[in-house]
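S.K.: Structure provided below as structure tokens; questions to follow.
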Amino acid sequence: MEKSFIQKFLVSFLPVIVVAGLGTLFVNLGNDWFNSLVVPTQWIPNFVIPIVWTVIYLIAAFILYIWAGKNNMPKAVKVLFIINGISNVLWCLLFFTLNQTFIGLIAIILNLIAGIYLLLEIKKVNNAYFYWLFIYPIWLSIATCLNLAIWILN
């Protein structure tokens, strides 16, 4: 039986909105601290970061929305989406709000590993979703390198 729009929205977009909202909150709480750090000279312009995250979150929500309507998302993919959402929020909390660059580095490395596993599990089921979400572990790799650079420089 086909799920209603509201059910599909609650299962797909609402969790992504919560993750994005909490992440943004934790980032904003640590903005003053972050702006006081020494950053690499080859830093990504600040305006690019929320744009890329918005694209990633929209792609994830769209994939979840489609799968929610079909009721055929593999359990491993569901679990990995949850792990990645929690990991994203946890990194924002550790790095920005609690100012823990090294512990944040460990968290984002674990997040990157979970992101790669998510992508590989999605590839087993749907190549299109795999290519749509391919930006996610690439972006996490960039963020991991930047986190490492900040830890070294500060």
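The values are calculated or read from the model by the stated rules, or taken from the named source; none is laboratory data. What you see is a predicted model; the values in this text were computed from it and never measured. With ideal geometry, Cβ positions are generated from the backbone for all residues, glycine too; neighbour counts draw on all protein chains shown. Just so you know, the surface numbers come from the protein's heavy atoms only, side chains and all, with ligands and any DNA or RNA stripped out. Shrake-Rupley method; radii C 1.70, N 1.55, O 1.52, S 1.80 Å.
S.K.: Name every residue in the stretch 95-154 that is in contact with a helix residue (DSSP H, G or I) (Cβ under 6 Å, 6 or more places away or on another chain), without any contact (Cβ under 8 Å) to a residue 12 or more places away in the chain and farther than 26 Å from Trp43 by Cβ, in order of residue number.
M.R.: Once the filter is applied, which keeps residues that are in contact with a helix residue (DSSP H, G or I) (Cβ under 6 Å, 6 or more places away or on another chain), without any contact (Cβ under 8 Å) to a residue 12 or more places away in the chain and farther than 26 Å from Trp43 by Cβ, the stretch 95-154 yields Lys123, Phe130.
S.K.: Against the condition closer than 22 Å to Leu120 by Cβ and touching a residue at least 40 places away in the same chain (Cβ under 8 Å), how does Ile83 come out, does it pass?
M.R.: Answer is no for this residue.
S.K.: Only one of Gly23, Gly69 is modelled with pLDDT of 95 or more and either open to solvent by 50 Å² or more (accessible area, probe 1.4 Å) or not polar (S, T, N, Q) (or both); which?
M.R.: Just one listed residue meets the conditions, Gly23.
S.K.: Right, another one. Do we have Val11 as on the phi < 0 side of the Ramachandran plot and either out of contact with any Gly (no Cβ under 7 Å at 6 or more places or on another chain) or surrounded by fewer than 14 Cβ atoms within 10 Å (Cβ to Cβ) (or both) here?
M.R.: yes
S.K.: For Gln100, only one of the following conditions fails: (1) surrounded by fewer than 15 Cβ atoms within 10 Å (Cβ to Cβ); (2) more than 14 Å from the chain's Cα centre (by Cα); (3) within 25 Å of Leu148 (Cα to Cα); (4) of a type in the set (S, T, N, Q). What is its number?
M.R.: Just one mismatch for Gln100, condition (1).
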